[in-house]
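For reference, the structure discussed in these notes is given below.
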Amino acid sequence: MHLYLLGYPLGHSLSPAIHTAALRAAGLPDWRYDLLPVPPHDLPAAVARLRAAACAGGNVTIPHKQAVLPLLDALTPAARAIGAVNAVYRQGAHLLGDNTDAPGFWADVQRAFGPLAPGEALVLGAGGAARAVVYALTRRGWQVTVAARRPEQARGLCESLEAPGGALRPAALTRPALEGLRPRLIVNATPAGMSPQRAGTPWPPGTPFPAGARLYDLVYNPPETRLMRQARAAGLPAVNGLGMLVEQAALAFTRWTGLAAPRAVMRAAAAAASDTAHARRQPAP
Ligand code: NAP
């Protein structure tokens, strides 16, 4: 059976290492997970490939996470609400699109910080990953401020996502907009600080970190981002997004194979591949 990662360009991805380790550990030696670089005009043909009998589905990454939606037969409620698909799997003759970033994010937040009762959260960035994070938080009753360097992008996100049980508010990514907030959870959903631009940080200069908050940085290369260092220096617990990558992969693995995901094996493979990418100083999408 084949599984593919559809994206373009596909640089040094950790997903093949994570899934190859998982498939071996689960006793599926005839299964393969391969990179499939797909330029935008080839996406329909690539999705047709996922329909082959010898294919169980795959992952979708930049720039196809939105473009793939109309090419699929059905979407999960999460994928439809977020407007992005990162995992595709077969259900009978149908090809289903799912978003496992949202539950993957929430599972890793709880693993990292323990069970968190809903409260105020601050999400930095308003792109695709921010949409998945905001979806996960608002459905669990969190009140979320979305701060973006283009405030109109934050407004667009807040207007297009429903917040059942929670609340959503857009903000500018500036010191005056952030310093009055008292979030218990801060999530970086921007690529600022990601290798090779390691000196970057989305945190506005001079802005104090709110006491009692925790930082979750979706970036995982480098393993400690500049934002994580800033937050730790202010006394905040901070983790990177490698665990989210593993969790979204574990959820997809179960959809494809029907088996429990060997999370410990996947986590070890992700850490080893991430160390290698870090040593090479390459971005690891
Ligand atoms: P995206 O759709 O391009 O959105 C990026 C967002 O960050 C946009 O709001 C963008 O604003 C903003 N931004 C970019 N550079 C910035 C900077 N220097 N300062 C402040 N804001 C900045 O990207 P994405 O797909 O959401 O991914 C965001 C990050 O999450 C990436 O680093 C990605 O690798 C990571 N990610 C991690 C996981 C995981 O499993 N750990 C999963 C998904 C994504 P503009 O539009 O103005 O540029």
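The values are calculated or read from the model by the stated rules, or taken from the named source; none is laboratory data. Bear in mind that the values here come from a model prediction, so they are computed numbers and not experimental data. Cβ coordinates were reconstructed from backbone atoms using ideal geometry, including for glycine residues, and neighbour counts include every protein chain displayed. The area values use the complete protein model at the heavy-atom level, side chains included, leaving out ligands, DNA and RNA. Shrake-Rupley method; radii C 1.70, N 1.55, O 1.52, S 1.80 Å.
Descriptive notes on the structure:
- Positions within segment 186-210 being more than 26 Å from Gln143 (Cβ to Cβ), among the hydrophobic types (A, V, I, L, M, F, W, C) and within 8 Å of the ligand (Cβ to nearest atom), in sequence order: Met194
- Of Ala147, Ala78, Ala84, Ala56, all but one fail to be closer than 16 Å to Asp217 by Cβ and in contact with a strand residue (DSSP E or B) (Cβ under 9 Å, 6 or more places away or on another chain); the exception is Ala147.
- In segment 1-38, the residues that are more than 16 Å from Tyr89 (Cα to Cα), open to solvent by 30 Å² or more (accessible area, probe 1.4 Å) and assigned to a loop (DSSP other than H, G, I, E, B): Tyr8, Pro9, Leu10, Gly11, His12, Ala26, Gly27, Leu28, Pro29, Asp30
- Inside segment 234-252, residues that are over 30 Å from Pro204 (Cα atoms), in contact with a helix residue (DSSP H, G or I) (Cβ under 8 Å, 6 or more places away or on another chain) and more than 10 Å from the ligand (Cβ to nearest atom) make up a count of 2.
- Residues satisfying the stated conditions in segment 216-233, i.e. away from the ligand (no atom under 13 Å from the Cβ) and either closer than 17 Å to Ala171 by Cβ or modelled with pLDDT under 95 (or both): none
- Applying a threshold of 6 Å to beta carbon distances and a minimum spacing of six or more residues, or different chains, the list of pairs starting in segment 258-277 at a residue that is at negative phi and ending at one that is modelled with pLDDT under 95 reads Ala277/His12; Ala277/Asn221; Ala277/Ala284.
- Counted residues, segment 25-70 - those being closer than 30 Å to Val265 by Cβ and either in contact with an Asp or Glu (Cβ under 9 Å, 6 or more places away or on another chain) or of a type outside the set (Ser, Thr, Tyr) (or both): 31
- Verdict on Ala270 being surrounded by 22 or more Cβ atoms within 10 Å (Cβ to Cβ) and either assigned to a loop (DSSP other than H, G, I, E, B) or away from the ligand (no atom under 14 Å from the Cβ) (or both): no
- The set of residues from segment 70-88 being over 11 Å from Val60 (Cβ atoms) and touching a residue at least 40 places away in the same chain (Cβ under 8 Å) comprises Ala78, Ala81, Ile82, Gly83.
- In segment 151-163, the residues that are of a type in the set (Ser, Thr, Tyr) never reach a residue that is assigned to a helix (DSSP H, G or I) with C-beta atoms less than 6 angstrom apart, at least six apart or across chains.
- The residue of segment 186-224 that is nearest to the chain's Cα centre (by Cα), among those that are assigned to a loop (DSSP other than H, G, I, E, B) and closer than 19 Å to Arg111 by Cβ, is Leu218.
- Failed condition for Arg255, given (1) within 16 Å of the ligand (Cβ to nearest atom); (2) of a type in the set (D, E, K, R); (3) in contact (Cβ under 8 Å) with a residue 40 or more places away in the chain: (1)
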